[in-house]
Amino acid sequence: VQLQASGGGLVQAGGSLRLSCAASGSHFSIYDMGWYRQAPGKQRELVATITRGADTNYADSAKGRFTISRDNAKNTVYLQMNSLKVEDTAVYFCEAALMAYQYWGQGTQVTVSS
């Protein structure tokens, strides 16, 4: 599976962005999907995941502000980000997981200004 993330940009603190990750290939619905982020000088960290059964999980930093969702008909996973903070600034990556395999997209930059 190949992943293409989009939707990043520059936004003021308190604003919103919606990230999208489009997957190519078939059988998108069998993958667990996730969003991760990596800020400069920091390790990549989990933001949110959604299983193929649509169960969701969020990092504490994302709870109550971010929502992950998927549209299997469009082979796309979304991350709606509200009430953005300066510390949310990072490159955001989408990930597809199936058993022991992980696939990564190229990342999209999110910059939150104060």
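The values are calculated or read from the model by the stated rules, or taken from the named source; none is laboratory data. Everything numeric in this text was worked out from a predicted model, so none of it was measured. Note that each Cβ is placed from the backbone with ideal geometry, even for glycine, and that neighbours are counted across all protein chains shown. Calculation scope for accessible area: heavy atoms of the full protein, side chains included, ligands and nucleic acids excluded. Shrake-Rupley method; radii C 1.70, N 1.55, O 1.52, S 1.80 Å.
Okay, here's what the table says:
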item	result
Per residue solvent-accessible surface (Å²) - the range 37-80, probe of 1.4 Å	59 Å²
Neighbour net charge for ASN72 - beta-carbon separation under 15 angstrom, K R +1, D E -1	0
Aspartates and glutamates whose Cα lies under 17 Å from that of LYS74, excluding same-chain neighbours fewer than 8 positions away	ASP32, GLU95
Nearest-20 debye value, the range 5-114 charge dipole, Cβ charges on Lys, Arg, Asp, Glu	120 debye
GNM result for the chain, Cα springs below 10 Å: residue of ALA73, ALA54, ALA13 fluctuating most strongly	ALA73
